[in-house]
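Everything below concerns the one structure shown next.
The values are calculated or read from the model by the stated rules, or taken from the named source; none is laboratory data. The shown structure was predicted, so the numbers you read here are calculated from the model rather than taken from an experiment. We place every Cβ from the backbone using ideal geometry, glycine too, and count neighbours over all the protein chains shown.
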């Protein structure tokens, strides 16, 4: 196992396969950041292809909790005496490498899988993890969305219904306290934020919080309005996470550097609030989405947060839609 912290697919690989065309003008005329994001990337296929080539890096945290980085979203693993608990399943193309990383942690089978939301880079591996013996647990809306065709407009992609083995068998819509393999967990229901199916997972004894995609570490986040996302909900989700964290809490974001903390989460929350308020003020003046993006309401944050596939212009557009 390696403790190297350089992000793979979740930041570097994903960015390399997407960023070039996102910022390019096309011969047929200028595309908005949002149009370029959908049209130029062929995003889902590129992410799957990058995942197939990505390495999985294992980070040991505390109390038998690990993070696997490289298969879409950051995956948390608790290794109990008799079985493992996974938080998210990543992309199926990395299955062999995930299995190798899991085996290096210990020979216990995976007995529980919790999905933080329905997106494919977090739930694509559900079927094989379930086939290996895991019970899948998720928000009610994750089950509903995986059972039906889902259109994500900003990805220009429609996901077909998931196979039966990928569907969660246990769901919830309010905060739950559970114990899996001797590990005490708080399953946290956020209001609609990144999607309408977001949950966080707080490992209470280890003081580790997996936020799913309600928090992206050091990069502007995506908001999936097609399936219920909300900028206000995203801010509220961060506030809820902050209320559960202290200065010793290890925070696992959905994307970005996989080992974070309360201070970095607070900076993300404050950035969201600032950008939302600036965009709302400009929109209230009657400015169009293009005019608001051109006004660069994110400028003070771009050096830190704007170096990923969600460009400053695209993020301004995403916020504009929600205010």
Select, from 118, 128, the only residue that is surrounded by fewer than 24 Cβ atoms within 10 Å (Cβ to Cβ) and within 27 Å of residue 158 (Cα to Cα). 128
Going by what's in this entry, would residue 296 be described as over 21 Å from residue 236 (Cα atoms), surrounded by fewer than 20 Cβ atoms within 10 Å (Cβ to Cβ), out of contact with any strand residue (DSSP E or B) (no Cβ under 8 Å at 6 or more places or on another chain) and touching a residue at least 12 places away in the same chain (Cβ under 8 Å)? yes
Name the residue, out of 229, 212, 182, that is at pLDDT 95 or above, at positive phi and crowded, with 20+ Cβ neighbours inside 10 Å. 212
Which of the residues that make up region 93-123 are part of a strand (DSSP E or B) and touching a helix residue (DSSP H, G or I) at 6+ places or on another chain (Cβ under 8 Å)? 110, 113
So if I check each of 224, 246, which one is crowded, with 21+ Cβ neighbours inside 10 Å and either within 22 Å of residue 59 (Cβ to Cβ) or modelled with pLDDT of 95 or more (or both)? 224
Positions within region 49-91 being in a helix (DSSP H, G or I) and closer than 17 Å to residue 254 by Cα, in sequence order: 51
Going by what's in this entry, would residue 265 be described as at pLDDT 95 or above, surrounded by 20 or more Cβ atoms within 10 Å (Cβ to Cβ), touching a strand residue (DSSP E or B) at 6+ places or on another chain (Cβ under 6 Å) and assigned to a helix (DSSP H, G or I)? yes
Give all pairs with beta carbons closer than 7 Å in which a residue from region 281-293 that is touching a residue at least 60 places away in the same chain (Cβ under 8 Å) meets a residue that is surrounded by 13 or more Cβ atoms within 10 Å (Cβ to Cβ); count only pairs at least 6 apart in sequence or on separate chains. 289/317; 289/320; 290/32; 293/33; 293/313; 293/316; 293/317
Looking at this structure, is residue 303 part of a helix (DSSP H, G or I), free of Cβ contacts under 8 Å to residues at least 24 places away in the same chain and under 28 Å from residue 46 (Cα atoms)? yes
Within region 170-231, which strands (runs of 3 or more DSSP E) (wholly inside it) include 2 or more residues that are in contact (Cβ under 8 Å) with a residue 24 or more places away in the chain and within 16 Å of residue 75 (Cα to Cα)? 183-189, 199-203, 208-210
From the options 286, 254, residue that is surrounded by fewer than 21 Cβ atoms within 10 Å (Cβ to Cβ) and either over 22 Å from residue 66 (Cα atoms) or in contact with a helix residue (DSSP H, G or I) (Cβ under 7 Å, 6 or more places away or on another chain) (or both): 286
Taking the stated definitions as given, is residue 260 touching a helix residue (DSSP H, G or I) at 6+ places or on another chain (Cβ under 7 Å), buried (at least 21 other Cβ atoms within 10 Å of the Cβ) and in contact (Cβ under 8 Å) with a residue 12 or more places away in the chain? no
Suppose we filter region 138-162 for residues that are exposed (fewer than 15 other Cβ atoms within 10 Å of the Cβ) and assigned to a helix (DSSP H, G or I); how many remain? 1
